[in-house]
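Down below is the structure, laid out as structure tokens.
The values are calculated or read from the model by the stated rules, or taken from the named source; none is laboratory data. Given the structure is predicted, the values throughout are model-derived calculations rather than measurements. FYI the Cβ positions are ideal-geometry reconstructions off the backbone, even for glycines, and counts take in every protein chain you see. Heavy atoms of the whole protein, side chains included, go into the accessibility calculation; ligands, DNA and RNA do not. Shrake-Rupley method; radii C 1.70, N 1.55, O 1.52, S 1.80 Å.
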Amino acid sequence: MYKRVLATLFVLSISMAQADEIQDFIDESYTPTFDCPVPEKLSEIEAILLRDDLSIQQRFALHSQKTHALICAGKFLDAQEMLKVLMASDDVDRESHYYASAIYQYGFIYDVQGVDDKCTYYGLAEDLSSESYIDVKTSATLALLTECSHGKSEVDELLIKIFDLLEKVTVSGDQAAMAHAHNRVGLYYSKIGLHSLAQAQYLLAVEKAESIYTDENKLAILVSAFSAAMSSHNIEDAEQILERFIALNQNVNTVQTNFLQYLSEAKFFAIQNNSEKLEATLVNWRAIKDQTQSVVYAGFLRWFEAELCLLNQDKACLQDFIQIEENESEQYINQVRNHADYLHFSTRLHLFMGNTELASRDLEATIELFKRRQLQLQEFNRVLNVSSLQNEIKLLENQLSQHEGEHVSIWLLVGLVLVVIAFGVLYLFSRKQSASKGIDAITGLMTGASLISSLNRLSAPSNGKTNALAIFDIANFTQVNLKIGIDKRDYILKQITKTMINVTRDSDIVGIIGSSQFVLCLTDIEEDSAESFFERVKEALGKTFKNESSNKTISVDSSMSVYYETESFTDVDEILENLMLSLSLNSD
């Protein structure tokens, strides 16, 4: 009897040790939602899942880790099916960390697929996350802020929530969470068209994550930085980021990261009309196409194959592409038609094929896309009133005094995310105060009704001459602002204004619209002379700060859109709107 008891105790001891061993593995192998597990982890998880001594909760926790790894590998459909089973089970612990993570993962998959229900799952994940589940809480909250804040009430609360979240993340000392915050804010900036700010946020995320994130996750952020650089037509930065991506991917070389590399290369070579290098990239891309599950990924490959056909003027190939696209799933079509690059390509494609009706349809879709982005920016600016912003800054300063050790790190994060916005709001506020008077408070230039009235009153030009109207958009205003000083916005605008005044004639009209768009009308001038004149203005703007006392090279990059009128102006509002639209189309 005594021996039997000892044997039983021995067996129980072994069982408990094994259970502890399994739980230790689950705890140690857990990867936060804002990072990706190393590829080898998936095989280890699958091996343990084969054991028959797992508790129900341990099995669920391991399944949640497995789906996380599958998502990082781009196997969204496999992960989605497993998550459905997990979430539907009556035995699942709905207060556990693994369940909150699973809910977030499901929302993320919907996000990738372009399904609106993503916000429901992000919201549920946020509600389920206790303060101890900082990774899920951070990821879900940032996703809600950046992907789901469409209504006025949500946007009104955006700033306060960002302050609160950044403070909590910084106090936690979690560098990975801070990197994730930078990344998500970058995604939000990209979404509303602030691509230069987005690029800066992505690169900061990579910097924060340098010694923490897996290489796979760093590659995912780098590809976002590359896309932002391409969208702002910063080709030099885009090339450098792409080279950095390719070098890092040599150590990773997974199907998912290779897909991202080939997609980025294809974008880069297509915009440069480099058919030879594009074709070489497509050969590599086709070699992995059967290893990905996403219909959207397959569609991207088909898109850039058609880009090559267009470069080679292969009408038969393009006709095949058109027929396939017409029969594609609604999910795929809805997603790609939210890409300005795809719509631009589709417009060029149909023009080349002689189908002006479809070309017009795609052009209209492009215009609507940019109108939506413009409305988002207007709404964002509307809710950021100066008083509430200053109150929040004071509140944050008080909170920071309690965490002096984290003072530097929080301001590194808050500085780029919020201070740029703060000065932007102050600038917009002062601008609005004088708008009714028709004179811009900062530059002293005509704006609004005063500018439009002056242009409408212009006499028709002499025979053989024109009134040439142009808008100069300071494309890299944010970068110049950061280099010279974040509090020097007014100074920068005044110096650019001084340059404009110095290079123009007394008879010309100079004004300002928007935040950094200057209007110049050359009166009674020959068209050829006007073109040369505008180029000289552009060159002069670039040298505005060449004598600035700084160890940084500061060049003002401007893009312009021009309208020529041989009669009197009849509808200046519409002309300016079309010029602004043209600038938007060329900058995205």
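Of the peptides 461-471, 86-96, 63-73, how do they stack up when ordered by the mean number of other Cβ atoms within 10 Å, highest first? Display every interim value, and only then the final one.
On the way: 461-471: 18.5, 86-96: 12.7, 63-73: 23.7.
Ranking the peptides 461-471, 86-96, 63-73 by packing returns 63-73, 461-471, 86-96.
Tell me the volume per residue, in Å³, of the convex hull enclosing the alpha carbons of region 103-144.
49
Beyond 19 Å, what percent of the Cα pairs of region 46-136 remain?
On the way: 1520 of 4095 pairs.
So the portion of pairs separated by more than 19 Å is 37 percent.
How high is the FRET efficiency from Ser89 to Asn273, r the C-beta distance, R0 56 Å, rounded to 0.05?
That pair, Ser89 with Asn273, gives E of 0.55.
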Nearest 20 debye, what's the magnitude of the dipole of region 461-577 about its Cα centre given +1 on Lys and Arg Cβ and -1 on Asp and Glu Cβ? 1020
Region 317-361: D in µm²/s via Stokes-Einstein (Kirkwood Rh, Cα pairs, 10 °C, 1.306 mPa s)? 146
Cα lying deepest toward the dipole's positive end in region 23-153, options Leu128, Val112, Leu62, charges on Cβ: Val112
Förster radius 41 Å - calculated FRET efficiency between Glu239 and Val112 (Cβ-Cβ, nearest 0.05): 0.95
Electrostatic dipole magnitude of region 175-234 [Cβ: Lys, Arg +1; Asp, Glu -1; Cα centre; debye, to 20]: 220
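Taking the square root of 5 times each eigenvalue of the Cα gyration tensor, what semi-axes in Å does the equivalent ellipsoid of region 218-344 have, largest first?
On the way: eigenvalues 106, 56, 44 Å².
Computed over region 218-344, the values are 23, 17, 15 Å.
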Additional length obtainable on full extension of the chain from Ala449 to Asp524, 0.36 nm per residue less Cα span: 24.8 nm
Under the 7 Å Cα-to-Cβ spin-label approximation, Asp27 and Lys371 lie apart by a distance in nanometres of 5.8
The farthest towards the positive end of the charge dipole of region 472-566, of the residues Phe477, Ser559, Thr504, given +1 on Cβ of Lys and Arg and -1 on Cβ of Asp and Glu, is Phe477
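Hey, can you find the accessible area per residue of region 54-137 for me, probe 1.4 Å, expressed in square angstrom? Working shown, then result.
Working: 3490 Å² over 84 residues.
Here the per-residue accessible area is 42 Å².
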Classified through the alpha carbon gyration tensor (a ≥ b ≥ c as square roots of its eigenvalues; rounded if a/c is under 1.5, else prolate when a/b is larger than b/c, else oblate), region 486-586 comes out prolate
Compute the distance from the alpha-carbon center of region 56-101 to that of region 558-576, in whole Å. 58
Per residue, how large is the accessible surface of region 174-322? Use a 1.4 angstrom probe and give square angstrom. 39
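How many percent of the alpha carbon pairs in region 87-126 exceed a separation of 13 Å? Mind dumping the intermediate values first?
On the way: 375 of 780 pairs.
Result: 48 percent of Cα pairs exceed 13 Å.
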In whole angstrom, the spacing between the Cα centers of region 299-317 and region 109-138 equals 37
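Set the bar at 31 Å for Cα to Cα. Now go through Lys66/Lys218; Lys315/Lys538; Lys465/Lys538 and name every pair that lies beyond it.
Numbers: Lys66/Lys218 20 Å; Lys315/Lys538 39 Å; Lys465/Lys538 22 Å.
Over 31 Å Cα-Cα: Lys315/Lys538.
Using a Förster distance of 56 angstrom, determine the FRET efficiency expected from the C-beta separation of His344 and Glu44, and round it to 0.05. Can you show the working numbers first?
On the way: r = 45 Å, r/R0 = 0.81.
Calculated value: 0.80.
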